[in-house]
Amino acid sequence: MNEKLRAMPQTRRLNWIDAARGAAILGIFMVNAPSFGSPYYMPGMDSPEWNSALDNVLLGGIDIFFQASFYTLFSILFGFGMQLIFDSRKRDGIRPGWFLSKRMLVLLVLGSIHAFLIWHGDILFTYAILGLLLIPFLYTPRWVLLMMIPILLIPVVILLTMSSLLGSLLPEGEMDAYMVEAMDTPNKLAAYGHGSYGDILQQNWIDWSSSNGVGGIIMGIFMILPLLMLGAYLARTKLLHDPVANRRKLFWFTVITGAIFLIFKAGPYLIGSPLWLSIAQDSIGGPACALFYLSFITLVSRLPVFSWIAHQLSYVGRMSLSNYLFQSVFMFFLFYHVGFGLYASFSLIGFVAFVLGVFILQVIVSRMWFRYYTFGPVEWLWRILTYGKIQPLRKKKMQRVS
């Protein structure tokens, strides 16, 4: 079978999908940076240190427009991409399930390095496992994919919402004490802010076990795997393949998902953002927000000004894995004691400015990179390990564009 495993040809890319993937990298970075560089931030929760009027506005903005929206968008696009690869390999006479399994196993190794040696908030490890679980469903009719989404998602959302409702009935002091314990601020300050690499690894393992771990992976089957299925379903419908032909459908899709997004993500703030609504806010409002972003970017990607913005985002999206990992490595050395030791030094507005500044730099570097190279560096490594041989990286002179 090895002799048939040849590299996929470079076909016409869906630039608006690359742009959406680039936007997802920005949104994930906006949520990850305060979590990586400070013990005071827990998504969707009030911060004991960041409590000024400006901080409250920023925390609310991040919660409504970023939290549970962009990792959701990235998950949908991950499933979308798996379906496209599945179809392409099938056309080439390559067993697509076998090929995708190899890709996911390589991603599992890359995710393990990232999760256990750099940052506990890694998503690649979980994506690799859930990607393996998605593969059998790629052989099924698309109605099966659509049916499985609510079957997996709805019972868990109801169960978690009921649990949150019961938790909200606890005395206020008990809930506050629980949140303080969950944030684990003293140990994080000691390990990440002042500890050796061994201390960092130990605390990183504790944080990974509590936030991801086996329980997180099991929860991902019910919360993230449906998003991968949704992405695969969208790829089957080809709704996003031709924005011009599907303009009317995309318009109404954008309007409907935008309305659901506002109701579930912003609506809870009108009634004090109670804890028991946080599950629905993220698990319903988050995917609706992600679909709104995806359809909106697809819809406006050919319009003046928006087309230029989408084009810049697409460079980041084409090497999203490289950019995602670069962010973690950069923050590791910037914030942790083994590097510059700036852990817990930034204000919330400082984190926002930091994210925007670094992302603009990533756009510039990504654009320069693709003048000379076909793939991002980590994407290239992923291809080598998947195919088992060196893949061409540099563009031929006739392919180079500014």
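A compact table of results
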item: Leading residue by the ranking (surrounded by the fewest Cβ atoms within 10 Å (Cβ to Cβ)) among those in the range 66-86 that are touching a Pro at 6+ places or on another chain (Cβ under 9 Å) and under 23 Å from Ile384 (Cβ atoms); result: Ile85
item: Residue count for the range 278-308, restricted to those that are without any contact (Cβ under 8 Å) to a residue 24 or more places away in the chain and either crowded, with 18+ Cβ neighbours inside 10 Å or not aromatic (Phe, Trp, Tyr) (or both); result: 5
item: Pick from the range 269-306, criterion in a helix (DSSP H, G or I), of a type in the set (S, T, N, Q) and at pLDDT below 95, ranking: farthest from Gly79 (Cα to Cα); result: Ser278
item: Matching residues, the range 362-373, being assigned to a helix (DSSP H, G or I) and either aromatic (Phe, Trp, Tyr) or more than 15 Å from Leu325 (Cβ to Cβ) (or both); result: Val363, Ile364, Arg367, Met368, Trp369
item: Given (1) of a type in the set (Val, Ile, Thr); (2) at pLDDT below 95; (3) open to solvent by 40 Å² or more (accessible area, probe 1.4 Å), number of the condition Ile113 does not satisfy; result: (2)
item: In the range 216-258, the residues that are open to solvent by 50 Å² or more (accessible area, probe 1.4 Å), free of Cβ contacts under 8 Å to residues at least 12 places away in the same chain and at negative phi; result: Ile218, Asp242, Ala245, Arg248, Lys249, Trp252, Val255, Ile256
item: Restricting the range 374-396 to residues that are assigned to a loop (DSSP other than H, G, I, E, B) and of a type in the set (D, E, K, R), the residue that is nearest to Ser314 (Cα to Cα); result: Lys395
item: Looking only at the range 262-276, and only at residues there that are crowded, with 20+ Cβ neighbours inside 10 Å and without any contact (Cβ under 8 Å) to a residue 60 or more places away in the chain, the one that is farthest from Ser69 (Cα to Cα); result: Pro268
item: Residue match in the range 349-360 (condition: small (Gly, Ala, Ser) and either at pLDDT below 95 or over 21 Å from the mean Cα position of the chain (by Cα) (or both)); result: yes
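Residues checked against (1) farther than 14 Å from Phe346 by Cβ; (2) under 22 Å from the mean Cα position of the chain (by Cα); (3) surrounded by 15 or more Cβ atoms within 10 Å (Cβ to Cβ); (4) at pLDDT below 80:
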residue	(1), (2), (3), (4)
Arg13	yes, yes, no, no
Ala19	yes, yes, yes, no
Ala23	yes, yes, yes, no
Pro34	no, yes, yes, no
Pro43	yes, yes, yes, yes
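The values are calculated or read from the model by the stated rules, or taken from the named source; none is laboratory data. The structure presented is a predicted model; accordingly, all values stated were derived computationally and were not measured. Neighbour counts are summed over all protein chains in view; Cβ atoms, including those assigned to glycine, are modelled from backbone coordinates with ideal geometry. Ligands, DNA and RNA are excluded from the accessible area calculation, which covers all protein heavy atoms including side chains. Shrake-Rupley method; radii C 1.70, N 1.55, O 1.52, S 1.80 Å.
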